[in-house]
1. Return only the number of the condition from (1) touching a Leu at 6+ places or on another chain (Cβ under 7 Å); (2) within 12 Å of L57 (Cα to Cα); (3) not hydroxyl-bearing (S, T, Y) that A190 does not satisfy.
2. For the range 149-187, give me each residue that is surrounded by fewer than 24 Cβ atoms within 10 Å (Cβ to Cβ), modelled with pLDDT of 95 or more and among the charged types (D, E, K, R).
3. Can you go through E332, E359 and tell me which one is charged (D, E, K, R) and surrounded by fewer than 16 Cβ atoms within 10 Å (Cβ to Cβ)?
4. Of all residues in the range 49-92, how many are in contact with a Cys (Cβ under 6 Å, 6 or more places away or on another chain), not in a strand (DSSP E or B) and not polar (S, T, N, Q)?
5. Pull out all pairs, ordered by first then second residue, where Cβ-Cβ is under 7 Å, the residues are six or more apart or on different chains, the first lies in the range 55-74 and is surrounded by fewer than 24 Cβ atoms within 10 Å (Cβ to Cβ), and the second is modelled with pLDDT under 95 and among the charged types (D, E, K, R).
6. Looking at (1) out of contact with any Lys or Arg (no Cβ under 8 Å at 6 or more places or on another chain); (2) under 16 Å from G112 (Cβ atoms), which is the only condition A327 fails?
7. With respect to A302, is the statement that it is within 25 Å of the chain's Cα centre (by Cα) and part of a loop (DSSP other than H, G, I, E, B) true?
8. Can you tell me which of A358, A323, A377 is modelled with pLDDT of 95 or more and on the phi > 0 side of the Ramachandran plot?
Amino acid sequence: MIRKTRLFTPGPTPLLPAAQFAMAAADMHHRTPEFRALFLKVLAQLKVFVGTQNDVLLLSCSGTGAMEASVSNLTSPGDKVLVLTAGKFGERWTGLAKAFGCDVDVHSAPYGDTFDLAEVKKAIKPEHRVIYMQATETSTAVRHDVEAIAKLVKGTDTLLVVDGITGLGTTHFDVDGWGIDVLIGGSQKAVMIPPGLAYLSVSERAWGAMEKSKNPRYYFDLRKERKNAVKGESAYTPAVALVAGLGAALDYIAGQAGGDLEKGRIALVNNAEVNAAATRAGLVALGFTLFAPKAPAAAATAVAVPEGMDSGAVVKALKAKFALVTANGQGEMQGKIFRVAHLGFFDYLDTIAFLGAAEHIAKDTLGLPVTYGHAVAAAQKVYAEQAK
């Protein structure tokens, strides 16, 4: 039997063929009219994809670089900030803020849970300069209620910064209406290209805060990027091929809705929602336990394995038998859960393929009482009801 590798990790995600072709053909210098036209086009598209009238900047780095930029550009040593964390990526905010000398208050929820809004309201203090949070906690496949937390912050002097690296393209945001000051995305997620680019929307309130920040910054000085972006340039050497690939990916998303990128973005989010719901239904039908049933993300699904079993065995079995690559748990959840993604270049038939493989692994590796077809049938029912 031949095996086709299928990537079901929540980043990197499967590459869009059109983006691969564009990257292969991106033989241009970055200080030329050709690249400036491409860069300006992609920046304009990103504003539509993010859904904002604010500036959107593009950085040659992973999403963590944009996270760092949102700390170094917005804070000064000694500033009080609040981190909302419920997993490994929430914890990353704490490490970044401390690295730049911030006085960090942390409000935590257990892994697999989201935040109690009443408790968040109590945790927010007038002296907090910035609140840092995730839209989706990728390590646990939990989605947080960004809109509700934004309402708690609106009308205050506190800035709201959201890691939307797996949230963008899987969650509907009203960036300007809710008052999100910085929203961060990454190239290896819903936009279907390799790692290496981060993008972020920046509000006028955030630009004003940058003029008061005393933290050092050089490569990640967002003011330099804003100044150069107007001319169709980045402050430093950009990842030219990735920018070309991103442009092709955004064209593809628009093409899924007749050339309308805003509608294409909505369709992309809805696609992730349907595939996530179908996957959850199929896995439950097999007897698996969902790790985050109260606030499940559309970006990925986290699944708990039976007591006494290592989730790594499931990940290894899927790869060994079907060349299907999923993700183990992270941090304290390693060995306890596995994660399967739905963001970006996944469709309903990919979901069916995964669940068909999962039926075999559940029966042969885990010894669960599986009847072939149950998981697939459960997913088909969800698809029939939701994808209309």
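The values are calculated or read from the model by the stated rules, or taken from the named source; none is laboratory data. Because the structure is a prediction, the values reported are computed rather than measured. So basically every Cβ, Gly included, is an ideal-geometry build from the backbone, and we count neighbours across all protein chains shown.
1. (2)
2. Within the range 149-187, K151, D157, D174, D176 meet the criteria.
3. Only one candidate qualifies: E332.
4. 1
5. As it stands, the answer is none, since no pair meets every condition given.
6. If we test A327 against (1) out of contact with any Lys or Arg (no Cβ under 8 Å at 6 or more places or on another chain); (2) under 16 Å from G112 (Cβ atoms), just (1) comes out false.
7. For A302, the condition - within 25 Å of the chain's Cα centre (by Cα) and part of a loop (DSSP other than H, G, I, E, B) - is not met.
8. Criteria check complete, one pass: A323.
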